[in-house]
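Please read the structure below before turning to the comments.
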Amino acid sequence: MGRLLYIAAGTESQAARPARSRNASSNAGGEQMYQGLKSLGVETQLVVYPGQFHGLTTPSYMRDRNERYLAWYGKYLKAVQ
C-alpha cells in the first residue's frame with residue numbers, strides 16, 4: 001500500500017482555502033489538493049460539508065464524517081493486517 005489521504009472539510013473552513021482567497025466561500029484549497037493527489041495516483045477521497053467550518057457542528061454531518069472515517073480506516077487497515 002502506498003500513500004493515501006482522506007480530506008474532510010466544511011465550505012466555510014479557513015484551513016481548506018488557499019491563503020489568497022481567505023474571503024472566498026469555497027473549498028478551493030481542499031479541491032486543489034484532492035485533484036493534485038488524484039493526478040499523482042494517490043488514493044484520495046474528498047468530502048465537503050456545506051456551511052461548516054473546520055470543526056463540524058451539524059450532528060448529521062458529524063455522524064456522516066465518523067461513518068466515513070470508520071469505512072476508510074476499515075478498508076485500509078484491513079489491507080495491512
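The values are calculated or read from the model by the stated rules, or taken from the named source; none is laboratory data. These numbers were taken from a predicted model, which means no experiment stands behind them. Neighbour counts run over all protein chains shown; Cβ positions are idealised from the backbone, glycine included.
Being under 13 Å from the mean Cα position of the chain (by Cα), modelled with pLDDT under 85 and surrounded by 16 or more Cβ atoms within 10 Å (Cβ to Cβ) narrows it down to one residue among Ala28, Ala9; which is it? Ala9 is the lone residue from the list that is under 13 Å from the mean Cα position of the chain (by Cα), modelled with pLDDT under 85 and surrounded by 16 or more Cβ atoms within 10 Å (Cβ to Cβ). For region 40-71, the set of residues classified as small (Gly, Ala, Ser) and on the phi < 0 side of the Ramachandran plot consists of Gly55, Ser60, Ala71, listed by residue number. Search region 33-57 for residues being loosely packed, with under 14 Cβ neighbours inside 10 Å and under 13 Å from Gly10 (Cα atoms), and hand back the single one that is nearest to the chain's Cα centre (by Cα). Here the answer is His54.
Among the candidates Lys38, Lys78, the residue that is modelled with pLDDT under 75 and in a helix (DSSP H, G or I) is uniquely Lys78.
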